[in-house]
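Reviewing the structure listed below.
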Amino acid sequence: MQRFGQVSSFQQFMVGAVLGYGMTFTDALIAITVGSVMLEVVTILLGVAGVREGVSTSVLARWSGFGRKGSAAVGMLVALSLAGWFGVQNGVFAQGMHDLAGWAPEWVWALVGGALVTAVSVCGFTAMAWTAYLTVPAFLLLAGWSVVDTLVGHSLRELLTGAPPGPVMSLAEGTTLVAGAFILGALMTPDMTRFNRRPSDVVKQTLLGVTLGEYVIGLTAVMLGHAARTADVVGIITTSSGVLGTLILTTAILKINDWNLYSSALAAVNSADVLLGRRVGRRGVTLVIGVAGTALSAVGIVDGFTGFLETIGVLAPPVAGIIIAEYYVVRRYRAGLELARRTGRPPEGIPDWLPLSLVCWSVGTLAGAFLDAGIPAINAVLAAFVPYAVAGRALESRRRDRARRAPLPDRTVL
């Protein structure tokens, strides 16, 4: 339910409306399909690693390509990105509630929304599950209401075969939009799947959650964009559903924002452990980040933070490629992880930095930012995955050859 809640978010509604405004229904369907399949592959591979090892993404990165301090860098990137998006979406919540109930200024609603989400995230996974149980069905009811209200009087055949009402968007641009909208959520998959029982649960969870979320919400928004002849999904929802639409719109933001805060805190905990040598509690870190993000959204600072968040967002996809390459292809630390599962003690002997991962991280980031062909998010994943897998296998083979050729110790000397 939580995974479906992540994918069926308000952001996905916005993506679908943009696709519908600039693409035919058929092209939008192709873009959603291609983007979803690519996301599902990355999500499943990372999710299976999470359920096997029982650790979050930033902790998994220690033994999956980045080393101790490298994983702290990953954690700081994730913590900063998600904490920033927590503040931004809390600001969107405050704006929506202010428009609905003008008796209170936006900063008051920002404090209310931030306090609510922080309380849910501090309580942990069970409270977040119950939030999803309540808000996901509410959001689906909103989608159904908007569809019925907006599509009444429109020919279904015209919506499915008509030309896009806005400037034409290419198939590559549409697929890029779909894949880029959830790539950070795919990277954070181990934060959630560490609670699954078996790898098959991850596959079912991903196929159902991502597929239904992308298709149900995405294609619904595509038809809304065609019918309303606009990409302004906020206007579509508030116009068709009024007060009810605005209220459920805010719950749609709440059900994804608790995960922004939760994963940010997990990443910050790992970074503090590595850099400061101190184990800090997740709840305390969640509270600190929640208070800071709430305060920043209340004073409006995070509104100018969106561009920075989008810029550092290009650093996230290569991390997924490196983790997948190390965990499944190079496998240098897999023996240590398997021993850790049996003994309950983390593997030892991990270096602080792994230069290969830093090089591949840079290559992936540059490919995602500047390579024109293909899909930027997927380009970044592949550009980090391929050189790490090839070079990592070669280095590991050479290391094993040296180990085999090393002389045996003289056991005759007491």
Which one is nearest to A267 (Cα to Cα), of the residues in region 194-236 that are among the polar types (S, T, N, Q) and surrounded by fewer than 24 Cβ atoms within 10 Å (Cβ to Cβ)? N196
Condition check: at pLDDT 90 or above, crowded, with 23+ Cβ neighbours inside 10 Å and either hydroxyl-bearing (S, T, Y) or over 30 Å from G336 (Cβ atoms) (or both). Does S71 satisfy that? yes
Every pair of residues 6+ apart whose Cβ atoms lie under 6 Å, when the first sits in region 346-359 and is in contact (Cβ under 8 Å) with a residue 24 or more places away in the chain and in a loop (DSSP other than H, G, I, E, B) while the second is charged (D, E, K, R) and open to solvent by 40 Å² or more (accessible area, probe 1.4 Å): I350/R68; D352/R68; D352/K69; W353/K69
What's the total number of residues in region 13-48 that are farther than 19 Å from G374 by Cβ, in a helix (DSSP H, G or I) and open to solvent by 10 Å² or more (accessible area, probe 1.4 Å)? 9
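I need the full set of residues from region 150-166 which are in a helix (DSSP H, G or I) and surrounded by 15 or more Cβ atoms within 10 Å (Cβ to Cβ), in order please.
T150, L151, L159
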Considering only residues that are without any contact (Cβ under 8 Å) to a residue 40 or more places away in the chain and assigned to a helix (DSSP H, G or I), which ones fall in region 74-101? Q95, H98
Check I350, I378 and return the single one that is of a type in the set (A, V, I, L, M, F, W, C), within 30 Å of T175 (Cα to Cα), open to solvent by less than 80 Å² (accessible area, probe 1.4 Å) and in contact with a helix residue (DSSP H, G or I) (Cβ under 7 Å, 6 or more places away or on another chain). I378
Failed item in (1) open to solvent by less than 10 Å² (accessible area, probe 1.4 Å); (2) aliphatic (A, V, I, L, M); (3) modelled with pLDDT of 90 or more, with A94 passing the rest: (3)
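Taking only region 360-375 into account, find how many residues are over 13 Å from A316 (Cβ atoms), open to solvent by 40 Å² or more (accessible area, probe 1.4 Å) and either at pLDDT 90 or above or assigned to a helix (DSSP H, G or I) (or both).
Here the count works out to 4.
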Restricted to region 322-345 and to residues being open to solvent by 70 Å² or more (accessible area, probe 1.4 Å) and among the charged types (D, E, K, R), the residue farthest from the chain's Cα centre (by Cα) is R342
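The values are calculated or read from the model by the stated rules, or taken from the named source; none is laboratory data. Remember, predicted model here, so these are calculated numbers, not experimental data. For neighbour counting, all protein chains shown are included, and Cβ atoms are generated from backbone atoms with ideal geometry for every residue, glycine included. Only protein heavy atoms, including side chains, enter the accessible area calculation; ligands, DNA and RNA are left aside. Shrake-Rupley method; radii C 1.70, N 1.55, O 1.52, S 1.80 Å.
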